[in-house]
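See below for the structure under consideration.
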Amino acid sequence: MVRLEEAGTMTLVVSDVSRTFSSGDGQKVEALSGISFSVQDKEFICILGPSGCGKTTVLRIIAGLESVSGGSVTVDGAPVTRPSPAMAMIFQEYSLFPWRTVEENITFGLELRGLDRTGRAAATQKYLDLVGLKGFEHRYPYELSGGMRQRVAVARALAIEPSILLMDEPFGALDAQTRNRMQHELLSIWEKTRKTILFVTHSVDEAVFLADRIVVLTHRPGRIREIVTVPGTRPRDRTGEEFGQIRRHLLDMIREESDTVQ
Amino acid sequence: MSRRLGFVLPILLIVGWEVAAILVNNPFFLPKLETVFPVLLSPFSDILGTGSLVQNSLVSIERVVLGFALAAAVAIPLGIGMGRFPVLNDFFDITLELLRPVPPLAWVPLALAWFKIGIVSIVFVIFIGAVFPILLNTVDGVRGVKNTWVEVGTTLGANERQILTKVVLPGAAPTIWTGLRVGFGISWMCVVAAEILPGPTSGLGYLIMYAYNLGQINVLIAGIIVIGVIGLAIDQGFKAVEKRWFGWRRLER
């Protein structure tokens, strides 16, 4: 399964990962079971599944924020056991530090590394430009709309120059129009920066629009139901026939998975 | 308009007081305003051989600052520890809950027994008064720091110390500041009360008690006004800082 890559590229391998939680009354709940997939450099992967399938847990395990009960996650062969600067995570919402300005948020990771003021200001300009928020560096998060906040969160994650971006339903709390625009912009950022992206979502439409491949999870315990490759060039036509077919296929699977709950 | 409405009652009270003072016509019960104002308007002149208003105010403020600073120095680190590590909380919680309901002034006799009459006993009582509100607010503030913030910090490469100084402390700061403000208010009450009790020979509390003993009710009332004004000014100072530095919390959606 592990392919040898040429120098300078990255391979993320999730291998037979399982995760059990103990519930309040001491019972073991199996959240994830036998999750295996690998991600190539610069790939855009969506993890899709019904709510409660553990898709966020998969992402948190890859980020090193949570431990596995079995199996392993490796980046270029090295196991991930705690957060590493090779990966940056973008959370659902309200993840900005409200006491810091936009600039201070974006440069948080650089400040930790001891980068001086001039270097940080330069990085701020670079990434604000990339996410289309030039001129907002001295604003506070409470002055920004939901979409603008998530742009700052993206800029903050990119600023530490990770090779992998982990995104946990980052647009889930946005209205439909803002969400569409953010999807377009994320693709353009992805094309400019050539990061590997793992993107968790429960929206079939979002997954088909964004991903090279979609990892579909089953209902609890989350297993991999299917890994769907999305063909076709970008930008994808949401009203096109191919888009519709993949969408229908995914919706059927999700519906079946949701039905098993009832 | 609504702000102006708030000034109606104080004006009525002052006018009513003056009218009542004229009717009662007994300076040992209710002195007239014109006997109180001269005391307030000459804050640097000696009063009944106890020192001036300003001198006595400074003595009280010095005591408060000492006791309050000590309380903050103990309560903030302890509160951060308790808020962050459940083990510390479990260790201290019951003891603190037992001590907390004891009114600070109940410690005065014990303070006198331990530290004798003097600044140490007064500072001790102020410390007791201020330490609990600061501690409880610090614990609350630290617990209120969103886990997402801590995780963002971790994924961006922060170590344990950086999480503390760059995420937990700034995130908890507004609540800690509220604790300091409440703690300072209680300190101010404690110092006046402690100075009224036997022992001290200076301070605003001592001054008003001394004025009472000599039947100088106008001085007593002037002292009360000064105590109120200083308390208010310090509270406004705390509020101003809160607005300036911690506005983000109020505005967070």
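The values are calculated or read from the model by the stated rules, or taken from the named source; none is laboratory data. All of these numbers come straight from a predicted model, not from anything done at the bench. Please note: Cβ atoms are built from the backbone with ideal geometry, for glycine as well, and neighbour counts cover all protein chains shown.
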Look at B:ALA71 and say whether it is under 24 Å from B:SER202 (Cβ atoms) and surrounded by fewer than 16 Cβ atoms within 10 Å (Cβ to Cβ).
-> no
Answer with yes or no whether B:PHE68 is of a type outside the set (Gly, Ala, Ser) and modelled with pLDDT of 90 or more.
-> yes
Filtered residues of region B:167-215 (kept if within 30 Å of B:GLY83 (Cα to Cα) and among the hydroxyl-bearing types (Ser, Thr, Tyr)) = B:THR175, B:THR178, B:SER187
Check on B:LYS146, within 14 Å of another protein chain (Cβ to nearest Cβ), surrounded by fewer than 19 Cβ atoms within 10 Å (Cβ to Cβ), under 29 Å from A:GLU104 (Cα atoms) and touching a residue at least 12 places away in the same chain (Cβ under 8 Å) = yes
B:LEU112 meets each of (1) part of a helix (DSSP H, G or I); (2) at pLDDT 90 or above; (3) among the aliphatic types (A, V, I, L, M) with one exception, condition (2)
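Let's see how each residue does on (1) closer than 23 Å to B:GLY81 by Cα; (2) of a type outside the set (Phe, Trp, Tyr); (3) free of Cβ contacts under 8 Å to residues at least 60 places away in the same chain:
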| residue | (1), (2), (3) |
| --- | --- |
| B:LEU99 | yes, yes, yes |
| B:PRO103 | no, yes, yes |
| B:PRO109 | no, yes, yes |
| B:ALA113 | no, yes, yes |
| B:SER121 | no, yes, no |
| B:ILE134 | yes, yes, no |
Within region B:33-76, track down each residue that is of a type in the set (Asp, Glu) and in a helix (DSSP H, G or I).
-> B:GLU34, B:GLU62
Go through A:PHE199, A:PHE171, A:PHE209, A:PHE136 for me and flag whichever is among the aromatic types (Phe, Trp, Tyr) and closer than 25 Å to B:LYS166 by Cβ.
-> A:PHE136
Yes or no: B:GLY49 under 28 Å from the mean Cα position of the chain (by Cα) and surrounded by fewer than 16 Cβ atoms within 10 Å (Cβ to Cβ)?
-> yes
Please work out which one of (1) of a type in the set (Asp, Glu); (2) over 13 Å from the mean Cα position of the chain (by Cα); (3) within 25 Å of A:LEU250 (Cα to Cα) is the condition A:GLU43 fails and give its number.
-> (2)
For region A:150-161, name all the residues that are crowded, with 22+ Cβ neighbours inside 10 Å and within 14 Å of another protein chain (Cβ to nearest Cβ).
-> A:GLN150, A:VAL152, A:ALA153, A:VAL154, A:ALA155, A:ARG156, A:ALA157, A:LEU158, A:ALA159
Among strands (runs of 3 or more DSSP E) lying entirely in region A:125-219, which contain 2 or more residues that are closer than 26 Å to A:VAL39 by Cα and among the polar types (S, T, N, Q)?
-> A:196-201
Exclusive hit being in contact with a Lys or Arg (Cβ under 6 Å, 6 or more places away or on another chain) and of a type in the set (Gly, Ala, Ser), set A:SER69, A:SER18 = A:SER69
For region A:74-90, what are the residues that are at the interface with chain B (Cβ under 8 Å from one of its Cβ atoms), touching a Gly at 6+ places or on another chain (Cβ under 9 Å) and crowded, with 18+ Cβ neighbours inside 10 Å?
-> A:PRO83, A:MET87, A:ALA88
Out of (1) more than 9 Å from chain B (Cβ to nearest Cβ); (2) touching a residue at least 40 places away in the same chain (Cβ under 8 Å); (3) touching a Phe, Trp or Tyr at 6+ places or on another chain (Cβ under 7 Å); (4) not charged (D, E, K, R), the one A:SER69 does not meet is (3)
Residue within region A:91-101 that is more than 9 Å from chain B (Cβ to nearest Cβ) and outside any loop (DSSP other than H, G, I, E, B) present | no
Going by the conditions given, is A:LEU174 buried (at least 16 other Cβ atoms within 10 Å of the Cβ) and either in the same structural domain as A:VAL154 (by TED's automatic domain parsing) or touching a residue at least 40 places away in the same chain (Cβ under 8 Å) (or both)?
-> no
Filter region A:221-255 for residues that are in a loop (DSSP other than H, G, I, E, B), surrounded by fewer than 20 Cβ atoms within 10 Å (Cβ to Cβ) and either modelled with pLDDT of 85 or more or in contact with a Leu (Cβ under 9 Å, 6 or more places away or on another chain) (or both) and give the result.
-> A:PRO221, A:ARG223, A:ARG234, A:PRO235, A:ARG236
Among what's in region A:102-119 and is of a type in the set (S, T, N, Q) and assigned to a helix (DSSP H, G or I), pick the residue that is farthest from the other protein chains (Cβ to nearest Cβ).
-> A:THR118
Please note which helices (runs of 4 or more DSSP H) are completely contained in region B:150-253 and include at least 3 residues that are within 14 Å of another protein chain (Cβ to nearest Cβ).
-> B:160-163, B:169-196, B:217-245, B:247-251
Could you tell me whether any residue of region B:91-105 is over 23 Å from the mean Cα position of the chain (by Cα), at pLDDT below 95, assigned to a loop (DSSP other than H, G, I, E, B) and not charged (D, E, K, R)?
-> no
Tell me, please, whether a residue that is surrounded by fewer than 17 Cβ atoms within 10 Å (Cβ to Cβ) and under 16 Å from the mean Cα position of the chain (by Cα) can be found in region B:196-203.
-> no
Within region B:218-245, how many residues turn out to be more than 15 Å from the chain's Cα centre (by Cα) and surrounded by fewer than 19 Cβ atoms within 10 Å (Cβ to Cβ)?
-> 8
